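Taking it in order: structure first as structure tokens, then the write-up.
The values are calculated or read from the model by the stated rules, or taken from the named source; none is laboratory data. Only a predicted model underlies this, so the values are computations on that prediction, with no experimental measurement involved. As a convention, Cβ positions derive from the backbone with ideal geometry for all residues, glycine included, and neighbour counts pool all protein chains shown. Each accessible area value is taken on the protein alone, full model and side chains, heavy atoms only, with ligands, DNA and RNA left out. Shrake-Rupley method; radii C 1.70, N 1.55, O 1.52, S 1.80 Å.
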Amino acid sequence: MSRWKELPGELPPEVHQLIVRLRRLKDRGELSARQLALKTGYSARSWHRYLNGLALPPRKAVEAMAHVCGDDPTRLLALHEIAAERWAEGREVTADVQESSPQAPAPAPTPKARQPARPRLRLLITAGTVALMLSVSVSVLLAVRLADVRAELADSRAAVAAAPVVVSESMVPVVYTCPLEERDGRWYAGLSRTTDAILAYTYVGPDKFVDLADVLEALDD
């Protein structure tokens, strides 16, 4: 005889009677849980739950066990029908009790600890802020400097436009007349009567002469 665990006390009497009857059939057939599983098609784990009152065996399992162990399935199935009704009633009562019982409020979620900012990220943000401020400052300085230069240029142009134009006497060229005159079969122009000097190029005035001998000597060289 195998040693069975004591069935739960909250089982209805009809369910208790069905399980005891199934236990006796298994012992009479001297079947292990593995052999019972192979002959009925229900796993050994399922039969463990059925025969220990943890779950109600289905109608097909009860009928299969009756055929395997040589018992009358009619009486066993009638007992199973009554046990199934009591099992369902017990489940409904248990569900009603659970619904009516006050439930403990769910614990409030604890706020997560604030993670400290990473030093590298903070350093990058600081460097970016400083670079932005420097670029803005340089832009403002350049704009102010450009405005000053434009103002100075405008003032210079206005001063030049307002200043009177002064023409000195040295800026006015001296105009010399050069009348032609024939003497002794020779033509003379201007004030010079020499035949040994010529008036230098771009020179103005009767006193700007070049010695002709010097010119000829320079050409020979």
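See the values below:
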quantity	calculated
Counted residues, the range 45-60 - those being assigned to a loop (DSSP other than H, G, I, E, B) and within 15 Å of Gln17 (Cα to Cα)	6
Test: residue in the range 160-178 that is at pLDDT below 75 and touching a strand residue (DSSP E or B) at 6+ places or on another chain (Cβ under 7 Å)	yes
Residue check for Thr74: hydroxyl-bearing (Ser, Thr, Tyr) and open to solvent by less than 40 Å² (accessible area, probe 1.4 Å)	no
Members of the range 23-57 that are within 12 Å of Trp4 (Cα to Cα) and crowded, with 18+ Cβ neighbours inside 10 Å	Lys26, Leu51, Gly53
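This table checks each residue for (1) in contact with a Gly (Cβ under 8 Å, 6 or more places away or on another chain); (2) without any contact (Cβ under 8 Å) to a residue 40 or more places away in the chain; (3) of a type in the set (S, T, N, Q).
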{"site": "Trp4", "(1), (2), (3)": "no, no, no"}
{"site": "Leu7", "(1), (2), (3)": "yes, no, no"}
{"site": "Pro12", "(1), (2), (3)": "yes, no, no"}
{"site": "His16", "(1), (2), (3)": "yes, yes, no"}
{"site": "Leu22", "(1), (2), (3)": "no, no, no"}
{"site": "Arg28", "(1), (2), (3)": "no, no, no"}
{"site": "Arg34", "(1), (2), (3)": "no, yes, no"}
{"site": "Ala37", "(1), (2), (3)": "no, yes, no"}
{"site": "Pro57", "(1), (2), (3)": "no, yes, no"}
